[in-house]
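The structure under discussion appears below in the form of structure tokens.
Every number in this text was worked out from the coordinates using simple rules, so none of it is lab data. The structure displayed is predicted, hence computed values, not measured ones. For neighbour counting, all protein chains shown are included, and Cβ atoms are generated from backbone atoms with ideal geometry for every residue, glycine included.
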Amino acid sequence: MSDSAFPGWHGTTIVSVRKGNKVVVAGDGQVSMGQTVMKHGAKKVRRLAGGNVIGGFAGSTADAFTLFERLEARLEQYPDQLMRAAVELAKDWRTDRYLRKLEAMMIVADKRETLVLTGTGDVLTPDHGVIAIGSGGNYALSAALALADATELDAEDIARRAMKIAEQVCVYTNGNVTLEAIELSA
């Protein structure tokens, strides 16, 4: 089947906000194929490492779950070392023939750091405690940055409002939001 005959899976919005005593990752539930919404309630945000890490994905669902499994294995190998586990996963993702073909991006966070992982080997940290990925990611990122700087809202409220704004602008984002949070140490 040619690429033009198969429009591909599109869309999602994942946002992470780290503010005050909390870090959150939120994601919408829409899965689209071309111009058709295939599912409204997909869960693209989940807990990892016994609940100590939260993550969300944009891209192919099967690919993302493969990456989550690989990250879990690295977190078992390097407990409480999200950065090291993420860097090792990024190395695998970039060099392994099978993993190189995976089409997904991930945001992962623990009590200390928030990271974006890509198939090009990137492990990125946000400058302002806010990061977003996916088709509505730029909308959610802009909204979350503005809300974080200009309001006293907590991380969860900022993430929910940012997702609401992305939903209103991006046709590949819906309002069925899954949100996971980790309380930060004082």
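Reported to the nearest whole Å, the Cα centre-to-centre distance from region 106-170 to region 27-81 is 16. Close amide H pairs (under 5 Å, H built 1.01 Å from N) link Met33 with His10, Met38, residues at least 5 positions away or on another chain. Phi angles of region 21-36 translate, via the Karplus equation with coefficients 6.51, -1.76, 1.60 and θ = phi - 60°, into HN-Hα couplings of 9, 8, 10, 10, 10, 10, x, 7, x, 7, 10, 10, 10, x, 9, 10 Hz per residue; Gly and Pro are given as x. Net charge of the neighbourhood of Gln77, taken over other residues with C-beta under 11 Å away and scored Lys/Arg +1, Asp/Glu -1, is 0.
Most tightly packed first, judged by the mean number of other beta-carbon atoms within 10 Å of their residues, the peptides 173-179, 31-37, 71-77, 104-110 read 104-110, 173-179, 71-77, 31-37. With one equal scatterer per alpha carbon and no solvent term, the Debye-computed log10 I(q)/I(0) for region 15-173 at 0.11, 0.13, 0.16 1/Å reads -0.41, -0.58, -0.87. Rounded to the nearest 500, the helix-only mean residue ellipticity at 222 nm of the chain stands at -11000 deg cm²/dmol, with each DSSP H run of n ≥ 4 adding -39,500 (n - 2.57).
Sorting 20-26, 64-70 by average packing, meaning the other beta carbons within 10 Å per residue, from highest down gives 20-26, 64-70. Our coupling estimate for region 69-80, obtained by passing each phi through the Karplus curve with A = 6.51, B = -1.76, C = 1.60 and θ = phi - 60°, is 4, 5, 5, 4, 4, 5, 5, 5, 5, 10, x, 6 Hz, Gly and Pro reported as x.
For the peptides 118-125, 47-54, 134-141, the ranking by mean Cβ contacts within 10 Å, running from highest to lowest, is 134-141, 47-54, 118-125.
Pairs of lysines in the chain whose Cα atoms sit within less than 23 Å of one another amount to 15, provided the residues are eight or more positions apart or on different chains.
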